[in-house]
Amino acid sequence: MRSKIRYADVEAGTELPRQTFHVQRSTLVRYAGASGDFNPIHWNARFAAEAGLPDVIAHGMFTMAEAARVVTDWAGDPGALVSYTVRYIKPVVVPDDATGALMEVRATAAEKLDDEARTVRVDITATSQGHKVLGMARAVVRLA
């Protein structure tokens, strides 16, 4: 799949389309099955409380992956992702109700890194319940 965004068309400060992800307990169970991470803090409220958490929390890698989707959707190709780093600041708390948690992700093309390689650094902001959940989230993508 080729990138739908062309390097020549990107300027520093270009905002990527914002996305909101709905995370429910059933989402976490499916992710646990796919990843093999069955830690009970991701599905058992009693266990999460005993661990000092406010409720069940989303897997860190799930949170990280959802934020990266904003970048790969914009680039048009998951293979365009050259590198990606984040720091976990707060967990995404997932209540046991019809809504679950909402994670909002915004991203901006911060700078062009290499004209020959057509790489761009993208800065990402992910929030849930009004709190930043990822810090220093940055991706480098290679565009068409």
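Just so it is clear, none of the values below were taken in a lab; they were calculated from the coordinates. Since the structure is predicted, the reported quantities are computational estimates derived from the model, not experimental observations. Glycine also receives a Cβ, built like all others from the backbone with ideal geometry; neighbour counts cover every protein chain displayed.
Where Lys and Arg each count +1 and Asp and Glu each count -1, what net charge lies around ARG87 among other residues with Cβ under 15 Å from its Cβ? Counting the neighbours of ARG87, the net charge comes to +2. For the chain, the longest principal axis of the C-alpha atoms and the axis of helix 25-35 are separated by about 70°. Projected over all directions and averaged, the alpha-carbon convex hull of region 1-92 occupies 7.4 nm².
Computed from backbone phi with θ = phi - 60° and the Karplus coefficients 6.51, -1.76 and 1.60, the 3J(HN,Hα) list for region 106-115 is 10, 8, 9, 6, 7, 6, 7, 9, 8, 4 Hz; x is used for glycine and proline. When you filter the trypsin sites (Lys or Arg not before Pro) in region 44-117 for DSSP loop state and at most 12 other Cβ atoms inside 10 Å of their Cβ, nothing is left.
Past the 24 angstrom mark, what percentage of all C-alpha to C-alpha distances in region 41-144 do you count? The share of Cα pairs beyond 24 Å in region 41-144 comes to 31 percent. What the Cβ-Cβ distance of LYS90 and ASP9 gives, at R0 = 35 Å and to the nearest 0.05, is a FRET efficiency of 0.50. Listed by chain and number, the aspartates and glutamates placed with their C-alpha closer than 13 angstrom to that of LYS112 are ASP9, GLU11, ASP123; residues fewer than eight positions away on the same chain are left out.
Lysines near LYS132 by alpha-carbon distance under 18 Å, same-chain residues fewer than 8 away left out - which ones? Those lysines meeting the cut-off are LYS90.
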